[in-house]
1. Looking at the stretch B:134-187, which trypsin sites (Lys or Arg not before Pro) are in a loop (DSSP not H, G, I, E or B) and have at most 12 other Cβ atoms within 10 Å?
2. Going 7 Å from the Cα of residue B:159 along its beta-carbon direction, which residues of the stretch B:65-93 have the amide nitrogen within less than 14 Å of the resulting point?
3. At a Förster distance of 35 Å, what's the computed FRET efficiency of residue B:233 paired with residue B:87, Cβ-Cβ distance as r, to 0.05?
4. Comparing the chain by itself with all protein chains present, which residues of the stretch A:223-262 are at least 10 Å² less accessible (probe 1.4 Å)?
5. Output the residues of the stretch A:388-403 meeting this criterion: accessible area (heavy atoms, 1.4 Å probe) in the chain alone minus accessible area with all protein chains in place is 30 Å² or greater.
6. In nm, give the distance between the simple-model label positions of residue A:112 and residue A:325, each being 7 Å from the Cα along the Cα-to-Cβ direction.
7. Per the 1.4 Å probe, what fraction of the accessible area of the stretch A:376-423, in percent, lies on carbon and sulfur atoms?
8. Taking all protein chains as present, what is the carbon and sulfur share of the accessible area of the stretch B:202-246, in % to the nearest whole number, probe 1.4 Å?
Amino acid sequence: MDGQLKKTGMFIVLVAFLSLHSEVFAAADEDAKIWCKSGNGTVCSEYELNNPIEYKQVLIFPTGFAADEYELFRDEVDRMIFNMDVNSNLYSHTYLSKLLYIGYWLPGPALDSGEANFGAKISVHPIRNKALTLNQDAVIATVDAIKESVTPWLAPWGVMVLYNSRESQVTANASPPSFIMNSYGIAKINRKNIDGPYVAIHELAHAALNFVDEYTERGLENVNINVLNYLTSQAYFDKSWGGFRLGIASILGIYDLKISEILAANGSGHVDVTKYPSRVESPRREKEYYAYQGGMFFGKGTYHHAGRNIMNGNRGSDAPDDGYSLAHNDSQLEIVRQVFENGGVPFRPNDRIRNAGPHGNWPSAIGGATNVMVFDADKNNHYQPTKSYDIQIGWYERHWKVCKWKFVRYPCYKSVWTTAEKQVKSAVRAIDLKETQLYGFAKLVRDVLCDLGVMEIPNGNGKVKLCEMTVDEMTDAFVPTLQFPSPYQEVSVPASQWMTKYFYRFRTDNGTFKSGWTGWSTFIRTL
Amino acid sequence: MTRSRALLIALVLSLFSVYLLLSDSGTEKASARRAVPATAQSTATGREKKHQQVVKLVEKKNQEIREERKRFEREGWSFVETAPPDHDVIELNPNALSEKERYFQVQLQTTTFWGEELAKVKQIVLKARSPKTRFVAIESLGRSEEPAAQAHLIDLYRLVSKIEEKQQILGLLRPKSLDDFVGSFLFSEIENVSQHQLLREQASVLVVSVALMQTGSEDVPDSIKARVPEDWHEKFDDIWKNLRRK
C-alpha cells in the first residue's frame with residue numbers, strides 16, 4: 001500500500017470512528033465530547049464558530065488520557081486558558097474574546113504504552129533532556145475526520161496536543177505551519193508546561209502565528225548561522241522544480257542560494273538574516289530595522305527587532321531592550337494585528353527580496369535556456385504569501401540602419417533600451433538535503449529541526465521519526481532526506497543573444513501591495 | 001553591451017566598408033585600362049551592389065531583433081517602457097555615492113557583485129558614512145561565491161575599526177580548507193593575543209566548524225592544535241567539544 005492509500009484508509013477509519021462516537025455539539029454541556037470557550041470564558045456562539053477570519057480556533061487534543069480522565073482533561077484545558085491570559089500586549093490577552101479554545105475529548109492508551117493517541121511519546125531529545133514527539137500526519141488526519149463527520153465549521157488556527165504527564169525537564173515544541181506546509185501548525189505541551197503562561201503562549205505562537213524563536217541556544221552564542229551555508233552545495237532541487245533540477249553545487253557562483261536564508265528568512269516575518277529586512281524601496285513603507293542578533297537558535301547572523309518578547313531569551317545579549325518578556329516586539333505585533341484586526345490583510349509589501357542569479361557570465365554549458373532566480377523571504381509567509389512576481393528583462397537592443405559617410409554606406413545601429421515584462425505566479429518549490437551529507441553538522445541541524453517541530457521525514461512510503469533517534473542510529477538505519485520549503489523560484493527567460501548583456505529585476509505582489517523593484521542585475525550569455 | 005564594445009564594432013564595420021570601397025576603386029582602376037565608359041558603369045553597379053549588401057545585412061539584423069521580440073511575446077512577455085538602468089548605481093560609481101546613497105543600498109542588498117565590481121563594493125564600505133550602507137555592502141561581499149570577495153573581506157577586516165563590523169566580516173568568511181588563505185587568516189587571528197577576545201573566539205568557532213566538517217573527530221586533531229597558541233588551547237578545546245556535542 002502506498003503512502004497516499006494509507007492516508008486515505010486512516011481517514012476513512014477515523015471518520016467512521018468519530019461518526020459512531022459523535023455527539024451533538026454542546027458548548028456548555030459538561031459531558032460534551034467537543035466544547036468551545038472563548039478566551040474570556042464565554043461559550044462560543046455559532047456566529048463566532050462560523051467566522052474563522054475574525055475568530056481564531058485553537059483546537060486542543062488530549063493524548064495519554066484514559067477514558068475516566070475526562071474531567072482532568074477539561075480542567076487542564078481551563079487551567080491553560082486561564083494561565084494564558086496575562087496582562088500584557090500578548091495576543092492571548094489583547095484578543096481574548098477572539099480566541100476560541102475548542103476541546104475535543106479523545107481518550108486513549110497511556111503515553112508509556114507506545115500506543116497513545118497520535119503515536120505521542122516522551123522521547124529522549126537528541127540534545128536536551130526529553131522531548132514531546134508524535135505523528136503529525138495522524139493529528140492532521142484526525143482534524144480532517146472531525147471536520148468531515150462532526151463539525152464542518154472546524155478551521156483550526158492552531159492545534160495543541162496536551163500530554164497527560166507532569167514530568168519536568170521536558171522540552172515542549174511546535175511546528176510552524178509554513179515549515180510543515182499546512183494551514184495550521186501543531187504545538188505539543190505537557191501538563192507541567194501549563195503551570196505558567198509562557199510555554200503555552202510561546203508554543204501556540206509557533207503553531208498559529210508562525211513565529212520562530214528569537215533566542216540563542218546554549219553553546220551557539222558565538223556561532224554564525226552562515227556556517228550552515230557550507231551545506232548549500234550538498235542540497236538538491238526536488239521534483240517541484242521540473243526541468244530545472246540541477247545539483248546546486250554545479251550552479252553556485254552563477255546563482256547564490258543559502259541554507260541560512262532557507263532556515264531564517266523564510267516566511268516568519270519577524271526574523272531575518274539581515275538588520276535591514278526591507279531590501280527594496282516600496283511606496284508608503286517605512287523600512288524596518290532589526291537591531292539585535294539572535295534567532296533560529298544562532299547567536300550570530302540572524303536578526304530581530306528590538307523589544308523584549310515571548311519568543312526571545314536572555315542568553316547572549318545584555319541590551320535592556322533585548323531578551324525575554326511576556327510581550328511582543330513591534331514586528332511581532334504587526335503580524336498579530338494583521339491576524340486579529342485586519343482580517344489577515346497585509347500591512348506591508350513583500351519587500352524582503354533579492355536577485356539570486358545568474359550573476360556574471362551564463363556559460364553555454366549550463367544550457368540554452370536562461371533561468372533567473374528570485375529570492376523572496378515572504379514566498380512561504382503564512383499570512384501574506386507572495387501571489388506573483390513581475391519580472392523584467394532589459395537589454396540594449398540594436399536598431400540597425402544604413403549609415404552613410406561620403407559615398408560609403410555601412411551598417412550602423414542605435415542602442416535602444418528595451419524591457420520585456422512577465423507576471424509569474426508564485427509556485428511551491430522545495431529543496432532536499434540528505435542527512436548523510438551533513439558531516440559534522442548533523443547534530444546541529446537535527447537540533448534546529450526538532451526545535452522547529454519538523455519531526456518526521458518522508459522515507460519511502462513511511463516516515464522517519466527524526467527526533468526519536470540518535471544521529472548514529474539514523475545513519476545506520478536510513479538515509480533520510482530533509483526537505484525544506486524553498487524561498488527561491490526560477491523563471492525561464494527566452495534571452496537568446498550570445499555575448500549580450502541582459503539586465504533583470506523583479507518585484508512581488510501579495511494581493512494587497514506590490515513591492516518596489518530590486519536593483520538591476522546583469523548576466524552575459526557566453527560561449 | 002558596453003560603450004567601448006559598441007565603438008569597437010562600429011570601427012570594425014567602418015574599416016570593412018572602407019575596404020569594400022577600396023576594392024571597388026581597385027576594380028575601377030583595373031577596368032580603366034580597358035574601357036572608360038565600361039568602368040564608370042561597373043563602378044556604379046559595384047556601389048549599388050555593395051549598397052544592397054549593406055541593406056540586406058541591416059534587414060537581416062533587424063529581422064533577428066524582430067524574431068527575438070516574437071520569441072518573448074510567444075512566451076507571455078510583453079514589452080514595456082522603463083527608464084534605462086542608472087549606470088552610476090549598477091556600476092557603483094563611488095563619486096555618486098552621496099547623491100544616490102539610497103539607490104546604492106537597494107543595489108547592494110538585492111544584487112550580487114562579481115569580478116571587478118567587488119573592489120568597488122569594498123570602496124563603498126570604506127567611503128560610506130551611513131552604517132546601513134556599510135553593513136549592506138559588507139553583506140553583499142559575503143554573499144558572493146567568488147574567492148576574490150573573501151580576499152576583499154579580509155582586507156576590510158584589517159581596515160575597519162569597529163568591532164561590530166569586524167564581527168560581521170568574520171561571520172561571512174568561508175574558508176574552503178584550513179590551509180587556504182582564509183583559513184590561514186583565521187589562524188592568524190586566533191594567534192593574535194592582543195586581539196579582542198570576542199574576535200578570537202569567533203575565528204575559533206569558524207575554524208572548528210570547518211575542521212569538524214572535514215574530520216568529525218571527537219578531540220582536536222594534533223595538526224590543528226599545533227596551529228593554536230598555548231594560551232588559547234583550553235578555550236579552543238571548549239569550543240570544539242561544544243560544537244562537537246551540537
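1. B:162
2. Of the residues in the stretch B:65-93, none has backbone N under 14 Å from the label point off residue B:159.
3. 0.05
4. Those are A:223, A:224, A:226, A:227, A:229, A:230, A:252, A:253, A:256, A:258, which lose 10 Å² or more relative to the chain on its own.
5. By number: A:395, A:396, A:397, A:398, A:400, A:402.
6. Placing both labels 7 Å beyond Cα along the Cβ direction yields 4.3 nm.
7. 51 percent
8. Of all accessible area on the stretch B:202-246, carbon and sulfur atoms account for 44 percent.
The values are calculated or read from the model by the stated rules, or taken from the named source; none is laboratory data. Remember, it's a predicted structure, so these values are computed and weren't measured experimentally. Glycine gets a Cβ as well: all are built from the backbone with ideal geometry, and neighbour counts include every protein chain shown. Heavy atoms of the whole protein, side chains included, go into the accessibility calculation; ligands, DNA and RNA do not. Shrake-Rupley method; radii C 1.70, N 1.55, O 1.52, S 1.80 Å.
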